[in-house]
Every structure is written in structure tokens, then in C-alpha cells.
Amino acid sequence: MIVVVNDACLLIDLIDVDLFHEFLQLGFRAHITSSVLTELEGDEYEIPIKKSIRQSNLSLYSLTADDQNVIESLMQAHSSKLSEPDCSCLHLAKKLDATILTCEKLLTKTAKSLKIEVHGSLWVLDQLIASSIITKSTAHRKLTELMSINDRLPKNECEKRLKQW
């Protein structure tokens, strides 16, 4: 079973294109830190996230004082530009030997430097197709929609997939 730690941006992307429910069907052991959940409080994203936590589709990891100390060390060691929620993802991924799912370039770069596996929205779409949860046609439509709202996606990789699908 694949264990993943979700950053807010990836969850937001999935909710925005109405693929969050499908993502949860992948069978990953998916985690979110309390810091990432706090980052989403007050947004429309909070409701589906909290619902999936209540239904045990997404595990909430509550950060302890010891965790906070490690996170502060990560923030100092790697980049003052990494947010506390980003560092909480790094910490939990190391602790669980998990993959980070994110769309943020700096978090991706830092995770790779720490030898943590990391993937983004395109990988999730690939997994949804490979698992027959969505069709290539649906993936094409959802990726087109996602590209219109998320300019951080790698354009070359998006175009490559759109041609394949």
C-alpha cells in the first residue's frame, strides 16, 4: 500500500476539478498534518477534507511539541521560504517513509534533496487512469480544466499527456 502525505495545494487542485472523491478511491493510506488542515480553515476546501477525515478516508496527524521542534529545525535548515505546513509534510513523510503529494516547486525540490519521493497532480491523474477510476477522456477534460486554474503545472508534461489522452 502506498502511504502519502498531502500538501494543501494538491488537495485544492483535486477539489477544484472535482476529483477529490476519486483520489480517495486509489486506496492510498493518505495523511494530512494538522498544520495543513489549519492552513485550509475557513476555505471551501475545509468541508470535504474534514468529511474525509471523519470517514477515515484521510488520516489527520496531530503535531506534537516534539514534531514542532523538528519542523522548526527543517524550516531553518532548508529554506526560510518553506512554510510551516510544508515542513510538516516533510517531517511526516520522513517519519512514515511516505511519498509527498504536492504542486509546490520548492517543497518538491526540498523533498527530493532529502531523498523523499514526491509527486504532483499529473502523477495522481496517471494513477487514476491506471486504476481505471477515470477514463483518459475524463483525465483530458480535468487536466484542461486544471491548467486553466493552476499555472504552476509543467506545461510540457501537460501537453504530452493531453496528446496521449
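Using a 4.7 Å Cβ-Cβ cutoff, the cysteines of the chain lacking any partner cysteine are Cys87, Cys89, Cys158.
Hey, what does the equivalent ellipsoid look like for region 3-95, semi-axes from the Cα gyration tensor as sqrt of 5 times each eigenvalue, largest first, whole Å? Each step should come with its number before you reach the end.
Details: eigenvalues 109, 37, 28 Å².
In descending order the semi-axes read 23, 14, 12 Å.
For the residues Val36, Val124, Val70, a GNM of the chain with alpha-carbon springs under 10 Å puts the largest fluctuation on Val70.
The residues packed around His78, meaning those with a beta-carbon under 11 Å from its beta-carbon, carry a net charge of +1 if Lys and Arg are +1 and Asp and Glu are -1.
Per residue, the average separation of C-alpha pairs within less than 8 Å and at least 6 apart gives the chain a relative contact order of 27 percent.
Counting Lys +1, Arg +1, Asp -1, Glu -1, what net charge surrounds Tyr61 among other residues with beta carbon under 11 Å of its beta carbon?
0
Considering only Ala77, Ala93, Ala30, the mean-square fluctuation computed in a Gaussian network model of the chain, springs between alpha carbons under 10 angstrom, is largest for Ala77.
Report the Stokes-Einstein translational diffusion coefficient (µm² s⁻¹, integer) for the chain, Rh taken as the Kirkwood radius over Cα pairs, at 20 °C with viscosity 1.002 mPa s. Don't skip to the answer; put the middle values down first.
Values: Rh = 16.1 Å.
Translational diffusion coefficient: 133 µm²/s.
Here the sum of -39500 (n - 2.57) over DSSP H runs of 4 or more residues, divided by the residues of the chain, equals -18000 deg cm²/dmol at 222 nm, to the nearest 500. Volume of the convex hull of region 125-165 (Cα atoms only), normalised per residue: 60 Å³.
For the chain, DSSP calls about 0 percent of its internal beta bridges antiparallel. Largest GNM mean-square fluctuation among Asp13, Asp67, Asp43, using the chain with Cα springs under 10 Å: Asp43. What net charge do the residues around Thr110 carry, taking every other residue with its C-beta under 12 Å from that of Thr110, with Lys and Arg at +1 and Asp and Glu at -1? It works out to a net charge of +3.
No lab work stands behind these numbers, since they all come straight from the coordinates. All values derive from a computational prediction rather than experimental measurement. Here the Cβ is made from the backbone with ideal geometry for all residues, glycine too, and neighbour counts use every protein chain on show.
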